[in-house]
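Presented below is the structure to which this report refers.
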Amino acid sequence: MRETTSKFRPEVLQEYLETLARAQSFQFSNARHWTLLQCYSELQFRLHGGQRCPVCNAHVRHVLPVIVEHNDGTRAEFPCLCTRCIEAERATSRVVITHLGQAHVEHYPIVYGEKTTDRRSVTPPLDSKKAKKAKG
Ligand SMILES: [Zn+2]
């Protein structure tokens, strides 16, 4: 059961409403949903405080339900997860879904080095100063 830890401050609600208005400008729905979920969970934290991670008992600031779909097709649901446990599930699962109502954000495993190219076989272009020295 969540307890209210602080008095309600109007600027918290103002910040939330400003984020809602700003989120309308995002075209990419994953970014829009992520912004909305982060802002909503920050508002909930300021009003009610956080919770404990059900896996490792660490404090969780942004409490959002999490669904984990493993590679073998099994599914696990958590009321919230800490950042470390989300990253661990993300690394070992097919997809991790953070959701609240109709807004949901999918986190896929990170493939390190996916956007880099192997340049070991590419010869670098000659520097223009060195090229002038070589000619003259
Ligand atoms: Zn945890």
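The values are calculated or read from the model by the stated rules, or taken from the named source; none is laboratory data. Being a predicted model, the structure only gives us computed values, none of them experimental. All Cβ positions, even for glycine, are placed from backbone atoms using ideal geometry, and neighbour counts span all protein chains on display.
Remarks
- Residue that is nearest to residue 24 (Cα to Cα) [pool: residues in the stretch 97-118 that are without any contact (Cβ under 8 Å) to a residue 24 or more places away in the chain and of a type in the set (A, V, I, L, M)]: 110
- Answer from 38, 51 - the residue that is under 17 Å from the mean Cα position of the chain (by Cα) and within 30 Å of residue 14 (Cβ to Cβ): 38
Every residue, every condition in (1) surrounded by fewer than 16 Cβ atoms within 10 Å (Cβ to Cβ); (2) in a helix (DSSP H, G or I); (3) at pLDDT 80 or above, yes or no:
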{"residue": "2", "(1), (2), (3)": "yes, no, no"}
{"residue": "20", "(1), (2), (3)": "yes, yes, no"}
{"residue": "26", "(1), (2), (3)": "yes, no, no"}
{"residue": "39", "(1), (2), (3)": "no, yes, yes"}
{"residue": "42", "(1), (2), (3)": "no, yes, yes"}
{"residue": "46", "(1), (2), (3)": "no, yes, yes"}
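- Flag if residue 87 is of a type in the set (D, E, K, R) and more than 16 Å from the ligand (Cβ to nearest atom): no
- Remark: pairs (first residue in the stretch 69-89, of a type in the set (Gly, Ala, Ser); second residue part of a strand (DSSP E or B) and within 13 Å of the ligand (Cβ to nearest atom); Cβ separation under 9 Å; 6+ apart in sequence or on different chains) = 76/66; 76/68.
- Filter result (hydroxyl-bearing (Ser, Thr, Tyr) and more than 14 Å from residue 102 (Cα to Cα)) within the stretch 36-75: 41, 74
- Leading residue by the ranking (farthest from the ligand (Cβ to nearest atom)) among those in the stretch 60-77 that are buried (at least 18 other Cβ atoms within 10 Å of the Cβ) and part of a strand (DSSP E or B): 68
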